[in-house]
Structure formats: C-alpha cells, structure tokens
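Comments concern the structure below.
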C-alpha cells in the first residue's frame, strides 16, 4: 500500500521478513519519546483510519509527528502519516518524561502551600516556540493547578522570552539572559529554577544565583517531591534575609559583567536528608530561658508585663498550663524551659520512648503560643534533626492536633503527650516527609536502622547537657522540676486563680485614672 517492500529493497538491497508494528497519530512526548496508536490486529483495515481525524499529513516532506498548530486544507487529499517500527524497538516499560515529573512537582507544591496556608500568588507561563501566559498571577491557586494539568510538550523553549513575560510583559525588554537578570534584580524579583534531565542550563543557574534564589536539579521523582516540602521553597517569608550580590544603583553594563563572572560561581541547591536550604530562625530561639518551675511562680501581673504577652486571656492560660505541668506527678520524659523575653515561647527537651528507634535520643523542640492561642494551636517545631514520617527536614510537625483537631480546651500536657506518641507510632494519614515515608513503606527494619543512625548523629546529647546549654550555666535548683501542690492542679485549662484578682486590680486602676 505504501510500497514498503520496494522502499526496503531500494535502501537495503534485499527484503527481509520481520515482525513490524505500524503506528499512526504519532505525537512528540518530549525527551526523545513518542506516543501514538498502532494496529494491534493484522486483520484491521486501514480504511477505518482514513478520515480527517487521523489523516493529518500533507503532500510534502514533514515530520511523522502531528502538528496541531497547522490548519489542513479541506480540498487536500487525505494523507495518513505512519511510523513503521520493529516490535523489539518498542519499549513497553513505563517511563516518566520531564514534563510528567514537573506536573508531579507542581501538584506537591500546591498541596503544601494550601496545607501551610501561605498567602502565595501563582501564575503559569509555558514556553515552546513562544512564551504563552496560561494563567495570570492570582491567589486562586486552583487556577494554577488546572493550568498545569493541561501542559503539553511542544517544540522549542523560548526560555528568556518566558522570563520577560513573567515580568508582566514590560515593553522593549531585552530578552537576553543577563538583560532579564538585570531587570528582575532591579525590580527586587527572586527567581527559583528547576532543571530536569541531564542537560546543563548555565543561564538559568546563574540567573537564580544573582537574584538570590534557589536552583534545583532533582536526581529522582522522590527528590523532586522532597523539594516541595521545604518551607523556604514554598514562601519567601521563610527564607533568611538574602545577601546582596551587588550594590543598589548598579548600571546595566556592570551587572552584565557580574552575570558573566557569576557563571563560574553558581552551583545547584542541594536537597537531601543531610543538606537543604536554610530557614529563617525563630526570633526567640536565642532568648535567655528559665526553668518551668521558676516561670510558673510568676504572678499573672508580672507575666503580663513581659514583652510579647499582649493578651490577658493568653497570659492566664499559659500561666495555668505551666502550673499544671509542674504539678504533674510521676517520672517526666521531658524538660520545659520558658523564655524570659516572651512566656509564650518554650523550649522542650523530649526523650525518645523505650522500645523504639528513638530510645537513646533527646530532642530539642520549641513551642510558640502565638497571639491567637488558645483559640488556635501553638507552633511546634523540632530543632534537633530527626528522621520521622510526620516531621519535615526543617522540623515542622504534621499532626491533626496542630490543626483540625485542636480545640480551645486542648492542654499543653496533651500536646506534649501526642508528640511523644508520634515517636511510638507515626501518623500515616498525615505524612509530610516523602523520603521517610517511602523508606518506612519499603522496609521498616532498614528504616528503623536509619532512624537509630540519625539519633546517634544528632540527638546523643543528654538532658543534663541540654539543661546546661539552654540555661547558660546558671545555677538553678532542679529538684522542684516536675513537682507541685494538689491545690495548683485543681484548676481547669482555661482558668487561673489570679483571674479575679487581676480583674479587681484593673478595675481599681481604671477608677483611679
């Protein structure tokens, strides 16, 4: 029908018998891969595909792949383009092209942003032969999700035109790499880039370097998804203050020279279990601290005078929580230290449970009861590195008690017990660490060994050593830790014995004024 045998004889000098597959509706999937439909039955008639839907060819030399942007002349003859391949050349094994990996990354990025409740605006520009705005910058993240789902591989990559369009289509923009870099830098724009595959893109790597952004090159799909779990990747507000690469007011010529030199300095941002982007430190993490027993003896009035304690309700609740923790009898598996600057910020040293891989570890974490506490859950984060399904590489804990299961009656004691329970058994319905989750499901014995290695490497400091480090060597009496009177323990989580006294004092002050 297509004079296949004559063509083989002319090109090879003979005709050999072999099994072949005939494909049509071929489409370029990118990365050297193609997709299409083949005749899987030798009795199938070719006449069944001789229609305008499949006959997309033209009477001229062209690629076997369909060109969706080309309009067919209705008066033209039907031309069916086919690809003839040996059966052994076809790879039936599933493979992910780079575009599929990118879609998975975007999906993970969207879910993490929604879960973290960042006020992030997203827009999508695709680049092929030209840059095209798919969805404008908007806080409606679901628009971005729908746009990424419909992305298709198509032709070349007009990368710098896409970067120019991302700057809101500024007129007369110089769309060279250093030109885009200068305009973004001049406008205070930070650019993160991701390079998928084996190709090296020196221009993109340098662009992110001079603009103070991240440039990633994932080694696997799991590695790519892990990047989307890191808070500094999700929001600029989580990043340390960037180091200025050039003084403000630098002209375009000097910036171009700096861009050229930076090509030799720019390197990829590493993301692994041991290396990942830094996160902005909590402003209270380096405060001076006192033991829980000493903090619990403060009066509500003096506690309210501490900087950061702006709500009487929050102050009363925190004082009551501290007294209940001190009054709690029995052996304690944690020590609590309270900031002298802000009583809503605590450091907690938590021992690992017996009969778990965490048994020999002591982990430092912080609890910050922000302004909306107790209506909303406090922020809790591990400072000590820990390998856990529900803890991301930067220490953020993912558990329902810190979100949807929190109520105004939830006590700090219950919160600490819940974290202790997580070390016993991970909450598999709320995984937040892709690498740990995959390892846990793959081989739990091997995963437990990796956890023990993490404990030995990062959490081998004793509670006594932690105490000396946090208190700065001050001579505090530790015998009263974990003890208290039964009278102090009678109050409920939202009530303080000093409430009425404070209200009377406030009334008297108001009358005097």
Problem - Enumeration of residues in the stretch 360-375 that are out of contact with any strand residue (DSSP E or B) (no Cβ under 7 Å at 6 or more places or on another chain), more than 13 Å from residue 458 (Cα to Cα) and either surrounded by fewer than 20 Cβ atoms within 10 Å (Cβ to Cβ) or outside the structural domain of residue 449 (by TED's automatic domain parsing) (or both) - result: 371, 372, 375
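State all residues of the stretch 117-136 that are touching a strand residue (DSSP E or B) at 6+ places or on another chain (Cβ under 8 Å) and closer than 18 Å to residue 237 by Cα; if no residue qualifies, say none.
121, 122
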Practice task
Could you check, for the stretch 305-313, whether at least one of its residues is within 14 Å of residue 374 (Cα to Cα) and at pLDDT 80 or above?
Solution key: yes
Practice task
Please enumerate the residues belonging to the stretch 212-235 that are over 24 Å from residue 282 (Cα atoms) and buried (at least 19 other Cβ atoms within 10 Å of the Cβ).
Solution key: 215, 216, 217, 218, 224, 225
Exercise for the section: Determine whether the stretch 115-122 contains at least one residue that is modelled with pLDDT of 75 or more, under 24 Å from residue 216 (Cα atoms) and part of a loop (DSSP other than H, G, I, E, B). Expected result: yes
Exercise for the section: May I ask you to list the residues in the stretch 17-33 that are part of a loop (DSSP other than H, G, I, E, B), touching a helix residue (DSSP H, G or I) at 6+ places or on another chain (Cβ under 8 Å) and modelled with pLDDT under 65? Expected result: 31
Exercise for the section: Count, please, the residues in the stretch 269-296 that happen to be more than 13 Å from residue 227 (Cα to Cα), in a loop (DSSP other than H, G, I, E, B) and in contact with a strand residue (DSSP E or B) (Cβ under 6 Å, 6 or more places away or on another chain). Expected result: 2
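The values are calculated or read from the model by the stated rules, or taken from the named source; none is laboratory data. Quick caveat: nothing in here was measured; it's all calculated off a predicted structure. Cβ coordinates were reconstructed from backbone atoms using ideal geometry, including for glycine residues, and neighbour counts include every protein chain displayed.
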